[in-house]
Amino acid sequence: MEMYDTPFMQSIGMFTFLVYIAVFTIGIPANIYVLFRMRRLASSDNERYRNGTGIALCSMAAADLCSILLICAQNVHQMTYTGHNDPSASSFTANLMCKGAEETHYGCHRKRLKIGP
C-alpha cells in the first residue's frame with residue numbers, strides 16, 4: 001500500500017485542491033479589481049496615487065496576480081504530466097507554457113525598452 005493511498009493523505013490532497021480553487025476564484029478577480037481601481041486613481045488623482053499607498057498597493061496586486069497565475073500554470077502542468085517519453089497532453093501543456101513564458105519575456109523587454117505600443 002502506497003503512502004498516498006491512505007484516506008488521510010487523500011483528504012489532505014482534497015483539502016489542498018479546494019484551497020487552490022478558492023484562491024484562484026477569489027484572488028484573480030480581486031487583484032484585477034485592485035489594479036483597475038489603482039489605474040482609475042492614478043488617472044484621476046495622480047498626486048494621491050504617488051504619495052499615498054497607491055503605488056505599493058498596485059505593485060503588490062500585480063505581483064500577487066502573477067504569482068497566482070504561475071501557481072495555476074504549474075498545477076495544470078503537474079496534473080497533466082505523464083512522463084518524459086509520452087507525447088500526450090503533457091507535451092502540449094509544456095509547449096504552451098514555454099510559448100507563454102517566451103511571450104511574457106519578450107513583452108517585458110518591449111515594455112522596458114519602450115518599443116512599439
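The values are calculated or read from the model by the stated rules, or taken from the named source; none is laboratory data. Given the structure is predicted, the values throughout are model-derived calculations rather than measurements. All Cβ positions, even for glycine, are placed from backbone atoms using ideal geometry, and neighbour counts span all protein chains on display. The accessibility values were calculated without ligands, DNA or RNA, using every heavy atom of the protein model including side chains. Shrake-Rupley method; radii C 1.70, N 1.55, O 1.52, S 1.80 Å.
Would you mind counting up the charge near LEU57? Only other residues with Cβ under 13 Å from its Cβ, with Lys and Arg at +1 and Asp and Glu at -1.
Here the count lands on +4.
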### Query
Say each of ALA30 and THR53 gets a label point 7 Å from the Cα, pointing the same way as Cα to Cβ; how far apart are those two points in nm?
1.4
## Note on the structure
Taking 0.36 nm per residue of separation between GLN78 and ALA62 and subtracting their Cα-Cα distance, the length gained on full extension comes to 3.3 nm
## Note on the structure
For the range 24-72, the accessible surface attributable to carbon and sulfur atoms (probe 1.4 angstrom, ligands and nucleic acids excluded) amounts in percent to 64
### Message
Keeping every protein chain present and rolling a 1.4 Å probe, give me the accessible area per residue for the range 1-59 in Å².
### Response
81
### Query
Kirkwood hydrodynamic radius of the range 7-72 from all distinct Cα pairs, in Å?
13.4
